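Reading through the structure tokens given below for one structure.
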Amino acid sequence: MTSSKQEIVLLEQVSALQQAEKTITEHSVLNYIHAATSANTRRAYQADIRHFIQCGGLLPASSDCIIRYLEQQAMRLNPRTLVRKLTSLKNWHLSQGFVDPTASLGVRKTMKGIRHVHGKPKNKALPLTLAVLLKWVDYLKSSSRLIDIRNNALLQIGFFGAFRRSELVAIQWEHIRWLPEGIEILIPRSKTDQAGEGQFCAIPYGNKALCAVNALQVWREHSPDQNGFVFKQIGKEGYIKTETIKPNQVNIIIKTIAKACNMQDIYLYRSHSMRRGFATEASKKGASFSAIMRQGRWQHEATVLGYIEEGKRFDNNAVSHLFNI
């Protein structure tokens with residue numbers, strides 16, 4: 001082989017190697033970018049992008065196209081939903097290397113106008129009080145159905161552990177340590193722990209009326225397979241499946257229990273009611289702010305303070321003083 005041919009072959013080999021390294025690097029970077037976002041967030045982004053396209057939007061989009069989309073959806077969607085969709089569109093464009101069309105002055109002014117015209121208070125989840133929790137638990141304990149035994153454990157673990165629904169459905173039997181004082185539950189990954197460093201939630205024994213540990217123990221005794229997910233789906237025939245319940249099913253379970261117990265404002269009870277309710281009820285019973293923060297694994301103090309303050313609207317209410325003359 002001549003010297004010139006050897007040089008050509010060598011250059012081709014170097015080029016192929018560089019291309020392979022580039023492909024590997026790009027693949028690794030995409031994997032890391034993918035891992036930086038939670039599965040729930042990715043699903044929401046994908047749904048938002050699909051909705052934009054279904055409504056006639058083209059990608060990549062111009063600012064004018066985004067404005068037309070906002071005008072089209074302003075009467076149909078809540079302003080908070082539109083803000084989330086803008087975030088999804090922004091992230092899609094930036095991740096693909098395009099300029100963010102949602103950052104234009106026109107888009108920002110349009111969104112501001114939509115908020116002023118169509119903005120309305122958020123329907124927040126109603127906090128689950130101890131009195132209501134007791135009523136629900138009594139209802140569930142009166143039943144011998146597998147689904148009610150499971151739901152009793154889910155409800156009490158969710159409340160006393162101040163779990164997010166995504167954390168609750170991800171609990172596995174292997175994550176639970178049974179101790180003389182109660183149980184410790186490992187949370188391998190959560191909304192505030194995307195890096196997977198892991199957190200522990202301790203739940204002590206309660207009393208005869210309310211005890212998350214005993215409720216979980218009863219469910220454990222009725223579970224033939226004590227491996228894998230704790231809160232597995234139950235088929236129509238009454239058998240326990242291997243798959244865990246889905247996060248959105250927790251909302252359905254909560255509303256079903258609320259309806260069975262003849263609660264008012266059923267639509268305001270959802271999975272977040274357990275987490276909010278824990279914060280307000282624990283504060284009323286004298287738990288320290290730091291203890292509440294620790295149990296719920298909250299990162300932002302303002303969030304918990306908001307829950308507590310909303311739960312104390314009738315405490316030392318100025319109107320009450322008018323009748324103490």
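The values are calculated or read from the model by the stated rules, or taken from the named source; none is laboratory data. What you see is a predicted model, and the numbers here were worked out from it, not measured in a lab. Backbone-built Cβ (ideal geometry, glycine too); neighbour counts: all protein chains shown.
Note on the range 294-307: among residues that are surrounded by fewer than 19 Cβ atoms within 10 Å (Cβ to Cβ) and among the hydrophobic types (A, V, I, L, M, F, W, C), the one that is farthest from Gly158 (Cα to Cα) is Ala302.
Conditions tested, residue by residue: (1) buried (at least 17 other Cβ atoms within 10 Å of the Cβ); (2) touching a Ser or Thr at 6+ places or on another chain (Cβ under 8 Å); (3) assigned by TED's automatic domain parsing to the domain that holds Arg145.
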| site | (1), (2), (3) |
| --- | --- |
| Ile171 | yes, no, yes |
| His175 | yes, no, yes |
| Pro180 | no, no, yes |
| Pro188 | no, no, yes |
| Glu197 | no, no, yes |
| Asn207 | no, no, yes |
| Phe229 | yes, yes, yes |
| Ile252 | no, no, yes |
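Can you say whether Thr129 is closer than 20 Å to Ile67 by Cβ and surrounded by 13 or more Cβ atoms within 10 Å (Cβ to Cβ), as far as the supplied structure shows? The answer is no for Thr129.
For the range 290-312, the set of residues classified as in contact (Cβ under 8 Å) with a residue 24 or more places away in the chain, touching a helix residue (DSSP H, G or I) at 6+ places or on another chain (Cβ under 8 Å), farther than 17 Å from Ile185 by Cα and not aromatic (Phe, Trp, Tyr) consists of Val304, Ile308, Glu310, Gly311, Lys312, listed by residue number.
With closer than 29 Å to Gln299 by Cβ and in a strand (DSSP E or B) as the only criterion, which of Phe163, Phe159, Phe200 stands out?
Values: Phe163 fails: in a strand (DSSP E or B); Phe159 fails: in a strand (DSSP E or B).
Within the list Phe163, Phe159, Phe200, the selection yields Phe200.
Just for helices (runs of 4 or more DSSP H) wholly inside the range 274-325: which have at least 2 residues that are hydroxyl-bearing (Ser, Thr, Tyr)? Even if it seems obvious, please write down each step before you answer.
Numbers: elements: 289-296, 301-310, 318-321.
Output list reads 301-310.
Looking across Ala287, Ala282, one residue alone is among the aliphatic types (A, V, I, L, M), at negative phi and surrounded by fewer than 19 Cβ atoms within 10 Å (Cβ to Cβ). It is Ala287. Would you confirm whether any residue within the range 36-50 is at pLDDT below 60 and over 30 Å from Arg165 (Cβ atoms)? Checking the range 36-50: not a single residue is at pLDDT below 60 and over 30 Å from Arg165 (Cβ atoms).
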